[in-house]
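Only one structure is covered here, and it is reproduced in the block below.
Every read-out reported here was derived from the displayed coordinates using simple, explicitly stated rules and does not represent laboratory data. Quick caveat, the model's predicted, so the values are computed rather than measured. Note that we place each Cβ from the backbone using ideal geometry, even for glycine, and neighbour counts take in every protein chain shown.
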Amino acid sequence: MNASVKKNLYWIIGFVVLIWIIELINFSTGRHLSDWGILPRTLKGLIGIPLSPFLHAGLIHTMMNTIPLAILGGFVMLYGKQTFLKISIIIIFVSGLALWLFARPSCHVGASALIFGYFSYLVMYAWYNRSLKSVIIAVVTVFLYGGIIWGLLPSFSQVSWEGHLFGLLAGALAARLEKTKK
């Protein structure tokens, strides 16, 4: 493994470890940190936009997000650390703002918007770029995680399907912005 790939792997591991540290603090303090998620159309909810991907509703919620976040984030990291950071920021802020504006009145937390955003970015980036590398990454992404599309359907009241939808749209926007840069 070359030094660049190893460094990028450390970034992804660090990102996931940070989420787990925050979750363990949240768990040990009676889940009070989760109150800082996105609360649509409230002033306090604006603070939740950059915080919500790092906050989860419980240990199971965090576990369910860990592997897809690490794998899809790792795939995005294959395009470089700068791209990973830029795409992550776009997805977090675009999906977060859309949640704040349009979602049902509930506290929205979790990395699902980021996961759906990474999924969409990887597929749409291949559509726009059409390089062998991007197409292979997109095919593997769809093979591994194509089933997450079902998460766009409103199902359980505790699941923020809106976060899934807005994450997906934010990832597509990020891919489009990358295309227009080149």
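Taking all Cα pairs closer than 8 Å and separated by 6 or more residues, the relative contact order of the stretch 1-83 comes to 35 percent. Computing FRET efficiency as 1/(1 + (r/R0)^6) for Ser106 and Asn2, where r is the C-beta to C-beta distance and R0 is 30 Å, gives about 0.10. Size descriptors for the stretch 75-165 (Cα atoms only): Rg and Dmax, in that order, 13.9, 43 Å.
How long are the semi-axes of the equivalent ellipsoid of the stretch 1-76, defined as square roots of 5 times the Cα gyration tensor eigenvalues? Whole Å, largest first.
27, 14, 10
Considering every alpha-carbon pair of the chain, the percent of pairs per 10 Å bin, from zero through the bin containing the longest distance, is 10, 39, 37, 13, 2.
How large is the convex hull of the Cα atoms of the stretch 121-182 per residue, expressed in Å³ as a whole number?
Details: hull volume 4.1 nm³, N = 62.
For the stretch 121-182, the hull spanned by Cα atoms encloses 66 Å³ per residue.
Output the peptides 125-135, 36-46 sorted from most to least packed, where packing is the average of other Cβ atoms within 10 Å over each peptide's residues.
Working: 125-135: 15.5, 36-46: 17.5.
Per-residue mean Cβ counts within 10 Å order the peptides as 36-46, 125-135.
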